[in-house]
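Notes follow the structure.
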Amino acid sequence: MKLKKRKKSSRMHGKNMGTHGRGARKKAQGSGHRGGKGMSGSGKRADHKKTLVTKLYGHKYFGKQGVTSRGTKRDKENRINLQQIELNLEKYGKKNKDSWEINLKKYKILGTGEVKTKLIIYAKSASKSAMEKVKKSGGEIIFKSQTEKDVKSNGP
């Protein structure tokens, strides 16, 4: 019975034993041919990883995904349809004598839906169809820039 096994370096030295059972000498220098840590490096010697990666992680592991140019920004403007305003009048506005006054200064008003009540809407902007529908019902859409000009012109 063998009690102690000698280390490979002490067993494999002598004439013509420069590799110590590692194959080429360049392989023994470090982790160079293995890529890096973990699943990195899918080159010549790590080609067997590719099938494993595509089965486990799907096809989004390799290559570039989801980067858009920094110049193009998504349009984040708030929009609301007339239909939604009409359905939730208590939520968005206050009742005056014969009309509803609605404050949506950060929103663009879009024209989907029908307007049955008189609405006075304060908004950032509005579509043509929305303006026509509100005017037909006897109301109006007042834009943010108009109210600021009015305040400046009425000032000292």
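The numbers here are math on the coordinates, done by the rules we state, and not lab data. All values reported here derive from a predicted model rather than from experimental measurement. Positions of Cβ are backbone-derived with ideal geometry, glycine not excepted, and every protein chain shown enters the neighbour counts.
May I ask which of 106/135; 50/73; 91/133; 15/50 have a Cα-Cα span longer than 31 Å here? Where the Cα-Cα span goes over 31 Å, the pairs concerned are 50/73; 15/50. Each Lys or Arg adds one and each Asp or Glu subtracts one; over the other residues with Cβ under 14 Å from the Cβ of residue 112, this totals +1. A quarter of the convex hull surface defined by the alpha-carbon atoms of segment 78-154 gives 5.0 nm² as the mean projection. Ranking of 17, 1, 131 by neighbouring Cβ atoms within 10 Å, starting from the fewest: 1, 17, 131.
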